[in-house]
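The values are calculated or read from the model by the stated rules, or taken from the named source; none is laboratory data. Because the structure is a prediction, the values reported are computed rather than measured. In this analysis, Cβ positions are derived from the backbone assuming ideal geometry, glycine residues included, and neighbour counts consider all displayed protein chains.
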Amino acid sequence: MRLKFIVDVGVGRAIEDWLESFGYDVLSVREINPRMSDRDILSLAVKEKRIVITMDSDFGELVYHSGQPHAGVLLLRLEGARTEEKLVVAKEILSHYADKLPDHFCVYQNGKLRVR
């Protein structure tokens, strides 16, 4: 099964382009509606079975405290990271952990990926 993603605004176009270059089905929040609410992003992701890639920790609040369903969330805790750093992390995660992403809440921080 080929993974499908929805990429939040803060993640950046380079990640979107890289994912598309490897044949992944990618939706960009930036292109749909840059002001789309996190709740609406999760709803769309569930409807289309997409994994949300974000740098916004508010998604943890929605999933764990509000109980909003999801099809998978990859939270990149890379505050201040340059595009090249984000790309290295995304490549590492997808090459080693792609099978863990669907239907899990994953957090990448300090060189480690936590999967819940």
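Name every residue in the range 15-56 that is among the small types (Gly, Ala, Ser), outside any loop (DSSP other than H, G, I, E, B) and either touching a Leu at 6+ places or on another chain (Cβ under 6 Å) or over 25 Å from residue 80 (Cβ atoms) (or both), in order of residue number.
Initially, the range 15-56 is screened for residues among the small types (Gly, Ala, Ser), giving 21, 23, 28, 37, 43, 45.
Now restrict to residues that are outside any loop (DSSP other than H, G, I, E, B): 21, 28, 43, 45.
Hits for the range 15-56 are 21, 43, 45.
Determine which member of the set 90, 45 is touching a helix residue (DSSP H, G or I) at 6+ places or on another chain (Cβ under 6 Å), within 14 Å of residue 5 (Cβ to Cβ) and either without any contact (Cβ under 8 Å) to a residue 40 or more places away in the chain or crowded, with 18+ Cβ neighbours inside 10 Å (or both).
Working: 45 fails: touching a helix residue (DSSP H, G or I) at 6+ places or on another chain (Cβ under 6 Å).
From the options 90, 45, the qualifying one is 90.
I'm trying to understand the selection: among the residues of the range 66-87, which are at pLDDT below 95 and closer than 20 Å to residue 23 by Cβ?
86, 87
Between a residue in the range 54-79 that is at positive phi and any residue that is surrounded by fewer than 20 Cβ atoms within 10 Å (Cβ to Cβ), which pairs come within a Cβ distance under 6 Å, given they are 6 or more apart or on different chains?
Short answer, once both residue conditions are applied: 72/102; 72/103; 72/104.
Only one of (1) in a helix (DSSP H, G or I); (2) out of contact with any strand residue (DSSP E or B) (no Cβ under 9 Å at 6 or more places or on another chain) fails for residue 67. Which number is that?
(1)
Failed condition for residue 63, given (1) farther than 22 Å from residue 2 by Cβ; (2) modelled with pLDDT of 95 or more; (3) surrounded by 15 or more Cβ atoms within 10 Å (Cβ to Cβ), with all others met?
Evaluating residue 63 over (1) farther than 22 Å from residue 2 by Cβ; (2) modelled with pLDDT of 95 or more; (3) surrounded by 15 or more Cβ atoms within 10 Å (Cβ to Cβ) leaves (2) as the failure.
Cβ-Cβ distance below 7 Å, separation of 6 or more or different chains: which pairs start in the range 94-114 with a residue that is over 21 Å from residue 79 (Cβ atoms) and surrounded by 14 or more Cβ atoms within 10 Å (Cβ to Cβ) and end on one that is of a type in the set (Lys, Arg) and at pLDDT below 95?
Hits for this filter: 104/116.
Mind listing whichever residues of the range 47-81 are under 18 Å from residue 30 (Cα atoms) and more than 13 Å from the chain's Cα centre (by Cα)?
48
Cβ-Cβ below 9 Å, separation at least six or inter-chain, first residue in the range 13-25 and without any contact (Cβ under 8 Å) to a residue 60 or more places away in the chain and more than 14 Å from residue 93 (Cα to Cα), second surrounded by 12 or more Cβ atoms within 10 Å (Cβ to Cβ) and of a type in the set (Asp, Glu): which pairs?
16/31; 25/48
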